[in-house]
Amino acid sequence: MLKMTRVAAMAAVLFVAAASSVVPLSALAQTPPAAPAAPAATPEPAAVAPAPRAAASARATEVVDNPYGLEALWKGGDAVARITLGILVIMSMGSWYIIITKVYEQAKMNKAARAAEKTFWSAASVRAGAEGLKKNSPFRFMAETGLEATAKHVGLLGNVDMNEWITMSIQRAIDNVSSRTQDGLAFLATVGSTAPFVGLFGTVWGIYHALTAIGIAGQASIDKVAGPVGEALIMTAFGLAVAVPAVLGYNWLVRRNKSAMEKVRGFGADLHAVLLAAPKPASRA
């Protein structure tokens, strides 16, 4: 009986020990899954990712909706500011039109000079050489003027020396060609000298109205001052942008005109000598 009691006690002790050893193992087996659950609950990179896109979209919106651009200058300005801006635009368009047309005309004159050098002096007579040139050529105009001078050397004009008469006629033709080459250059000179002051007037007028609006609002912060004053200063930039091409174009065209007129004067001198050496049936009559 005692042995059975001891056996039962030992069995109970072994059961308790086995149970105590199994419970910690099961607890350890259940705790690891709970540990990785903590970092998974805070997905920080996914929440931060949309920030650059929001910033980029905000920048794009600022560029598109700029309240201090040319559109704001036109809408916010009064009639005087708009008229000033329109005058500058007209000056710019007129300057570029004159520069382009004068370059084209000078190219045509140089081409006519090459044609006269190639065909006129090899003709049988002055009349034949003139007819071989184009109708709008200044060299044909000079040749026809010289021929007309020799034909009209009669009556009272016959008392004038033939040399002086032909010289005066050719010189008048040269002066006529020179005056035609100067067409439009006065406009370029005017724009180059007045456009900066027109832009400055627009700037002064815009700053006056900007300061008046700021005084009425009672706020002189940088966001209230930068916009109106910056828009007014755009007028000065426009004035310089109009004046600089006009001045450069004027100087360039004047230099090209001098080169072209040297060819015209050389042709006139040679034509004068040929007309004096040619027979003069009109003077004989």
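Values in this text are rule-based calculations from the coordinates and carry no lab data. Because the structure is a prediction, the values reported are computed rather than measured. Note that we place each Cβ from the backbone using ideal geometry, even for glycine, and neighbour counts take in every protein chain shown.
Suppose each label sits 7 Å from its Cα in the direction of the beta carbon; what would the Ser125-Ser193 distance come out to in nanometres?
Each label point lies 7 Å from its Cα, and together they span 5.0 nm.
Which FRET efficiency value, to the nearest 0.05, do you get for Lys135 and Trp96 by plugging their Cβ-Cβ distance into 1/(1 + (r/R0)^6) with R0 = 25 Å?
For R0 = 25 Å, the calculated efficiency reads 0.30.
Please report, in debye to the nearest 20, how large the charge dipole of segment 103-180 is about its Cα centre when each Lys and Arg carries +1 at its beta carbon and each Asp and Glu carries -1 there.
Numbers: 11 positive and 8 negative charges, 90 e Å.
Approximately 440 debye in magnitude.
Cβ under 13 Å from Glu105's Cβ, Glu105 left aside: what net charge do those residues give with Lys, Arg +1 and Asp, Glu -1?
Result for the neighbourhood of Glu105: +4.
Order of Phe141, Phe238, Phe197, Phe120 from fewest to most other C-beta atoms within 10 Å?
Taking fewest neighbouring Cβ atoms as first place, the list is Phe197, Phe141, Phe120, Phe238.
Extension gain Lys111-Val244, at 0.36 nm per residue separation less the Cα-Cα distance, in nm?
Extra length from Lys111 to Val244 when fully extended: 44.9 nm.
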